[in-house]
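The values are calculated or read from the model by the stated rules, or taken from the named source; none is laboratory data. On a predicted model such as this, the values are computed, not experimentally measured, just so you know. Cβ atoms come from the backbone with ideal geometry, glycine included; neighbour counts cover every protein chain shown.
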Amino acid sequence: MTLSSTLITGLSLGCTYALVALGIVILYKGSEVLNLSHGSVAVLGAYVTARLADTLGFLGAAVAGVLAAGLFAVLVERLLIRRLANAPVVSLAIMTIGIEVILQTELTRRIGIDILQLDQPWGTDSVDVLGTVVPVNRLVTIGVTVVVVAAFVAVLRLSDWGVSMRAVAEDREVAELVGLRLGRIAVVTWATAGALAALAGVLLTGAPSAGLTPALSLVVLRAFAAALIGGLDSVAGALVGGLVVGMVEAVVTTYQEQLSFLGLGLSDVAAFLVMFVVLLVRPQGLFGRKVVARV
């Protein structure tokens, strides 16, 4: 694999990690919840897409999968998170682990040992980009991510929900005092995060994997690394962190033989090593705000 194709692969992976990390960040900013079930939500969206692809076609099934994941996330917020609104952050995070276990167990039971195909219309086609053969699915992943992120940023900056969410992230108590409807903001935030995770899941099943397996939920680990690298309170940080994780993973995987003196499986931990270094130098992440506690 050439360096240019490696970088394109890294960019494609980074885009999917960035989408999941973006959902993690907006949940933390808008609801103060570290959602550790985010990986299974991605699997849920991809699973619904795979099951409905024959009936609705790929695009229709993908829309249904994204909507299903968004609805599931809203139900989690309404039925569980909202009832424990005053619980410590750690308690809420532990509860999301329980959600992860339950959802992942059910999805594993349904998927079984099979590898579900999503029948993406571009299949395994490749195109020549400046002398480099690039799978179409990677270009689709990059293109879709650019469009979705641009739309998200526009909504975040220009819509009432975006302004309200930023106000809640800045000071939750003041936002409530001025009359912002925190419940409605939370619903939209959770739905958006769930939809982003599902979209990433659908894209990941085609690039680079060959189909859907329950192991897709592990994407949340790299997404959390991306969010921590960029800063848990930074949307821009989630995007940059995702790209960093994707690039590091692709480059280390490509040059694994040359780096064999560092041990086998380096590509599996390289992103986390980068995360540790970043947090040691800048604990709040590259774009995160430093919190100053008054005594």
* Condition broken by residue 141, with the remaining ones in (1) surrounded by fewer than 21 Cβ atoms within 10 Å (Cβ to Cβ); (2) closer than 26 Å to residue 67 by Cα satisfied -> (1)
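For region 1-37, give me each residue that is closer than 30 Å to residue 164 by Cα and of a type in the set (S, T, N, Q). Don't jump to the end; show me each part of the working.
So in region 1-37, the residues closer than 30 Å to residue 164 by Cα come out as 14-37.
Residues satisfying the conditions are 16, 31, 35, 37.
Look through 91, 12 and report the one residue that is more than 15 Å from residue 189 (Cβ to Cβ), in contact with a Lys or Arg (Cβ under 6 Å, 6 or more places away or on another chain) and either of a type in the set (Asp, Glu) or assigned to a helix (DSSP H, G or I) (or both). Write out each step before concluding.
Details: 91 fails: in contact with a Lys or Arg (Cβ under 6 Å, 6 or more places away or on another chain).
Step by step, each of 91, 12 is checked, and only 12 is more than 15 Å from residue 189 (Cβ to Cβ), in contact with a Lys or Arg (Cβ under 6 Å, 6 or more places away or on another chain) and either of a type in the set (Asp, Glu) or assigned to a helix (DSSP H, G or I) (or both).
Yes/no per residue for (1) of a type outside the set (Gly, Ala, Ser); (2) more than 22 Å from residue 211 (Cα to Cα); (3) at pLDDT 90 or above:
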{"residue": "20", "(1), (2), (3)": "yes, no, yes"}
{"residue": "37", "(1), (2), (3)": "no, no, yes"}
{"residue": "52", "(1), (2), (3)": "yes, no, yes"}
{"residue": "71", "(1), (2), (3)": "yes, yes, yes"}
{"residue": "77", "(1), (2), (3)": "yes, yes, yes"}
{"residue": "86", "(1), (2), (3)": "yes, yes, no"}
{"residue": "90", "(1), (2), (3)": "yes, yes, no"}
{"residue": "101", "(1), (2), (3)": "yes, no, yes"}
{"residue": "114", "(1), (2), (3)": "yes, no, no"}
* To do: Quick one: residue 151 ticks every box in (1) surrounded by 14 or more Cβ atoms within 10 Å (Cβ to Cβ); (2) aliphatic (A, V, I, L, M); (3) within 26 Å of residue 75 (Cβ to Cβ) except a single one, so which number is it?
  => (1)
* Does residue 269 fit the bill of being free of Cβ contacts under 8 Å to residues at least 60 places away in the same chain, more than 22 Å from residue 46 (Cβ to Cβ) and buried (at least 19 other Cβ atoms within 10 Å of the Cβ)? -> no
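Is region 211-220 home to any residue that is hydroxyl-bearing (Ser, Thr, Tyr), out of contact with any Phe, Trp or Tyr (no Cβ under 6 Å at 6 or more places or on another chain), part of a helix (DSSP H, G or I) and over 28 Å from residue 53 (Cα atoms)?
The first filter runs over region 211-220 and keeps only residues hydroxyl-bearing (Ser, Thr, Tyr), leaving 213, 217.
Now drop any that are not out of contact with any Phe, Trp or Tyr (no Cβ under 6 Å at 6 or more places or on another chain), which leaves 213, 217.
Restricting the remaining residues to those that are part of a helix (DSSP H, G or I) gives 217.
When the remaining residues are screened for being over 28 Å from residue 53 (Cα atoms), the result is none.
The answer is no, given that none of the residues of region 211-220 is hydroxyl-bearing (Ser, Thr, Tyr), out of contact with any Phe, Trp or Tyr (no Cβ under 6 Å at 6 or more places or on another chain), part of a helix (DSSP H, G or I) and over 28 Å from residue 53 (Cα atoms).
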* Asked: Could you say which residue among 199, 139 is under 22 Å from residue 73 (Cα atoms) and not hydroxyl-bearing (Ser, Thr, Tyr)?
  -> 199
* Asked: Going by the structure shown, is residue 168 in contact with a helix residue (DSSP H, G or I) (Cβ under 6 Å, 6 or more places away or on another chain), within 22 Å of residue 35 (Cβ to Cβ), surrounded by 15 or more Cβ atoms within 10 Å (Cβ to Cβ) and without any contact (Cβ under 8 Å) to a residue 12 or more places away in the chain?
  -> no
* Name the single residue, out of those in region 257-278 being touching a helix residue (DSSP H, G or I) at 6+ places or on another chain (Cβ under 8 Å) and within 12 Å of residue 245 (Cβ to Cβ), that is modelled with the lowest pLDDT. => 267
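Within region 201-224, does at least one residue satisfy the condition of being more than 25 Å from residue 136 (Cα to Cα), of a type outside the set (A, V, I, L, M, F, W, C) and surrounded by 19 or more Cβ atoms within 10 Å (Cβ to Cβ)? Walk me through how you get there before you give the answer.
If we filter region 201-224 for residues that are more than 25 Å from residue 136 (Cα to Cα), which is where we start, we get 221, 224.
Add one more test, that the residue is of a type outside the set (A, V, I, L, M, F, W, C), and what stays is none.
Checked against the condition, which is being more than 25 Å from residue 136 (Cα to Cα), of a type outside the set (A, V, I, L, M, F, W, C) and surrounded by 19 or more Cβ atoms within 10 Å (Cβ to Cβ), region 201-224 yields no hits at all.
Filtering region 34-85 down to residues that are of a type outside the set (Ser, Thr, Tyr) and not in a helix (DSSP H, G or I), which residue is surrounded by the most Cβ atoms within 10 Å (Cβ to Cβ)? Can you show your working first?
Within region 34-85, the subset of a type outside the set (Ser, Thr, Tyr) is 34-36, 38-39, 41-46, 48, 50-54, 56-85.
Filter once more, keeping what is not in a helix (DSSP H, G or I): 34-36, 85.
Numbers: 34: 19, 35: 29, 36: 21, 85: 13.
It comes out as 35.
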* Asked: List, please: which pairs have Cβ atoms under 7 Å, are six or more places apart or on different chains, and start with a residue in region 216-234 that is under 20 Å from residue 32 (Cβ atoms) and end with one that is among the charged types (D, E, K, R) and surrounded by fewer than 24 Cβ atoms within 10 Å (Cβ to Cβ)?
  -> 233/29; 233/289
* Asked: residue 157 fails exactly one of the following numbered conditions: (1) more than 18 Å from the chain's Cα centre (by Cα); (2) exposed (fewer than 15 other Cβ atoms within 10 Å of the Cβ); (3) under 19 Å from residue 201 (Cβ atoms). What is the number of that condition?
  -> (3)
* Within the set of pairs 6+ apart or on separate chains, which have a first residue in region 238-263 that is at positive phi and touching a residue at least 40 places away in the same chain (Cβ under 8 Å), a second that is surrounded by fewer than 21 Cβ atoms within 10 Å (Cβ to Cβ) and polar (S, T, N, Q), and C-beta atoms under 9 Å apart? -> none
* **Failed criterion for residue 233 (all others in (1) in a helix (DSSP H, G or I); (2) more than 27 Å from residue 106 (Cα to Cα) hold)** => (1)
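Within region 83-137, which residues are among the basic types (Lys, Arg) and touching a Leu at 6+ places or on another chain (Cβ under 8 Å)?
Of all residues in region 83-137, those among the basic types (Lys, Arg) come to 83, 109-110.
Within region 83-137, no residue meets the criteria.
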